[in-house]
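The next block holds one structure in the form of structure tokens; read it before the comments.
The values are calculated or read from the model by the stated rules, or taken from the named source; none is laboratory data. If you're wondering where the values come from, they're calculated on a predicted model, not measured in any experiment. As a convention, Cβ positions derive from the backbone with ideal geometry for all residues, glycine included, and neighbour counts pool all protein chains shown. All accessible areas refer to the heavy atoms of the entire protein, side chains included, with ligands and DNA or RNA removed. Shrake-Rupley method; radii C 1.70, N 1.55, O 1.52, S 1.80 Å.
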Amino acid sequence: MNNTYISDAVRYIGVNDKTLDLFESQYKVPNGVTYNSYVILDEKVAVMDTVDGRATDQWLANLDQALEGASPDYLVVSHMEPDHGANIQRFAERYPQAKIVGNVKTFSMIGQFFELDLDGRTVEVKEGDTLELGSHRLQFFTAPMVHWPEVMVSYEQSEGILFSADGFGKFGAMDAEEDWTEEAARYYLNIVGKYGVQVQGLLKKVAALDIAMICPLHGPVLKDNLEFYLGKYQTWSSYEPEEKGVLVAYASIHGNTADAAGRIAELLKAQGETVELMDLARTDLSLAVRKAFYYDRMVLACATYDGGLFPCMEEFLHHLKSKNFQKRKIGLMENGSWAPMAAKQMRAILETMKQVEVLDQVVTIRSAVHADTMEQIQALAEEIGAH
């Protein structure tokens, strides 16, 4: 997975960043992240994207080494987000003869980020346009809102390489020993998840291409079993669950709501269900979002707090809504010592989501679990297990 050799003509010049703690200032990356960039060496030399400003010096050194004394003719800008586009001005000033390749929205954004005169130095491309480099030819496909409006992917026709922008990326440095699926899913669902329709549109475009390799802007170069990666993106972007099972996610203040959540988890396991129990107060939010999309059902258990939801549950639900959560069945459990309100408020948020069925059966705990509460928990376990 961490092999960065692409081909004799296509060189990897990206940079590992193991010092970054929060990607986009919100997602934990315990194993860092990569900022990927590539060079195509031919009669004309094309650099595929730059990197984050945190990695400028190393990237320039990698670029110089890969060029072996040549000068780049083009910089292809797939995505303007600063973790990829931060060095556009630095590149343009360092290589004044090079032209910048992008679409109309790319150049609008360049003007927003930089004070840069590109008069006579732009190559504006549209859907399906090609750029001849010699024996290599790049073809461009727009990918609006995957996950910014200016995004485009490039397909190198002679070697069958898809330069996929943020698509097929993952968290983690290139040498991270971790499962691709989990960190790629956490990356995709939290960053691109809202735009499933647009991702589906891009997948239809690239389905007609003979792809031998995928070169994303984050994570490893994908060379083998490409059907697996394409299949994951098909599942994630169509919001289908990956496994039949139940996520039991709880937000507990003093432990009684957690106790109830644990009890329904055990009942569901006894029914033969795959169950994952999650404390929202202590679980990274991006992982909680990933797990909610993973299973086909979910039980939410929440304490009432100041007449509303305990904050970690409210934040979780709002994140799910913002990521276009859909096609799931949900059971609700609430706790309240004098005025239980959590179920009503969770339902109100969930009912704004597409194709989310909230079960009528609700467990109401008044302070702690008692015999009558167990009857409700048993009933909810049977109802959600029946699905």
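Of note:
- Per residue, the chain exposes 41 Å² of accessible surface when a 1.4 Å probe is rolled over the protein heavy atoms with every protein chain present.
- When the Cα convex hull of the range 12-159 is projected onto planes of every orientation, the mean area is 8.9 nm².
- Extent along principal axes [Cα atoms of the range 1-95; Å; largest to smallest]: 42, 30, 21
- Cα pair distances in the range 112-237, grouped into 10 Å bins until the bin that holds the longest one, percent each: 12, 42, 32, 13, 1
- Hydrodynamic radius of the range 1-44 per Kirkwood, over alpha carbon pairs, in Å: 12.2 Å
- Segment Glu132-Asp284, extension gain: residue separation times 0.36 nm, minus the distance between their alpha carbons: 50.2 nm
- Alpha-carbon gyration tensor eigenvalues x 5, square-rooted, for the range 248-387, Å: 20, 18, 14
- The accessible surface of the chain, taken with every protein chain in place and a 1.4 Å probe, is 47 percent carbon and sulfur.
- Restricting the range 313-387 to chymotrypsin sites (Phe, Trp or Tyr not before Pro) in coil, as DSSP defines it, with at most 16 other Cβ within 10 Å: Trp338
- log10 of Debye I(q)/I(0), alpha-carbon scatterers only, for the chain at 0.06, 0.12 Å⁻¹: -0.29, -0.89
- Rg and Dmax of the range 39-119, Cα atoms only, in Å: 11.9, 33
- Structure-based [θ]222 nm, the chain - -39500 (n - 2.57) summed over DSSP H runs of at least 4, per residue, nearest 500: -10000 deg cm²/dmol
- Rounded to the nearest 20, the size of the Cβ-charge dipole of the range 86-142 about its Cα centre is 160 debye, with Lys and Arg at +1 and Asp and Glu at -1.
- Helix 256-270 vs. the chain, principal-axis angle (Cα, 0 to 90°, nearest 10): 80 degrees
- Once the Cα gyration tensor of the range 232-279 is diagonalised, semi-axes √(5λ) in Å: 26, 15, 5
- The charge dipole of the chain, taken about its Cα centre with unit charges on the Cβ atoms of Lys, Arg (+1), Asp and Glu (-1) only, comes to about 820 debye.
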